[in-house]
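Notes follow once the structure below has been shown.
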Amino acid sequence: MNCPRKHTLVTGCSSGIGRATALRLAAAGQHVYAGVRNLADGDQLAGLPVSGEITPLMLDVTQAGHIADAAGAIAEHTGPLGLDGLVNNAGYGLACPTELVQLDAFRRQLEVNLTGQLAVTQAVLPSLRRARGRIVMVSTIGVRFSPPFAGPLDATKAGLTALGETLRQE
């Protein structure tokens, strides 16, 4: 491994906060592994002029194979230096009155916003430990107060916040 850059994995880079985070980190000179669910989004990101480097990775956080492949590619590239950062950003908001939320839709949101983030974290922890890297959990202000129709999203993000706090203490 001869790459002198810091290395960070960002999940959910197709749009929004994940995309902006990947671009900002790459502009600061980092090598960013940009988790996307659509290769076209990854190719578009990788083609932008930045001072760092962006490597798109197919990463649906609900797919164990995607997670294993991403963790393997990162470990192979970073080697003994490890991964400097993980930004758990992938997720989506399900806006619906809590009493009407379809349970299958709620279960899917839990899988993406909470379980998938834990799975990615567990998969890259060995690489993070080698670099004494950091983990960032992207949550929501709704964890502090829950406005109407945000119950399903806020519940998943409160769980993610709790996982982050626990990981910090463990």
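Name the single residue, out of those in the stretch 6-18 being of a type outside the set (A, V, I, L, M, F, W, C) and in a loop (DSSP other than H, G, I, E, B), that is surrounded by the fewest Cβ atoms within 10 Å (Cβ to Cβ). Result: 15.
Take the conditions under 14 Å from the mean Cα position of the chain (by Cα) and modelled with pLDDT of 95 or more and apply them to residue 102. Does it pass? When the stated conditions are applied, residue 102 does not pass them.
Any residue at all in the stretch 77-90 that's open to solvent by 60 Å² or more (accessible area, probe 1.4 Å) and either without any contact (Cβ under 8 Å) to a residue 40 or more places away in the chain or part of a loop (DSSP other than H, G, I, E, B) (or both)? No, the conditions are met nowhere in the stretch 77-90.
Residues that are modelled with pLDDT of 90 or more and not charged (D, E, K, R) were ranked within the stretch 46-60; the one that is surrounded by the most Cβ atoms within 10 Å (Cβ to Cβ) is 59.
Taking the stretch 19-36 as the range and being closer than 25 Å to residue 79 by Cα and crowded, with 17+ Cβ neighbours inside 10 Å as the test, the residues that pass are 21, 22, 23, 25, 26, 30, 31, 32, 33, 34, 35, 36. Among the residues of the stretch 29-76, those identified as within 13 Å of residue 120 (Cα to Cα), in a loop (DSSP other than H, G, I, E, B) and either of a type outside the set (S, T, N, Q) or touching a Cys at 6+ places or on another chain (Cβ under 9 Å) (or both) are 59, 60, 61.
In the stretch 113-135, of all residues being assigned to a helix (DSSP H, G or I), over 15 Å from residue 79 (Cβ atoms) and touching a Gly at 6+ places or on another chain (Cβ under 6 Å), the one that is least open to solvent (accessible area, probe 1.4 Å) corresponds to 113. All told, residue 160 meets the bar of being assigned to a helix (DSSP H, G or I) and surrounded by 14 or more Cβ atoms within 10 Å (Cβ to Cβ).
The values are calculated or read from the model by the stated rules, or taken from the named source; none is laboratory data. Worth saying up front: this structure is predicted, and the values here are computed from it rather than measured. Every residue, glycine as well, gets a Cβ built from its backbone with ideal geometry; the counts of neighbours run over all protein chains shown. Ligands, DNA and RNA are excluded from the accessible area calculation, which covers all protein heavy atoms including side chains. Shrake-Rupley method; radii C 1.70, N 1.55, O 1.52, S 1.80 Å.
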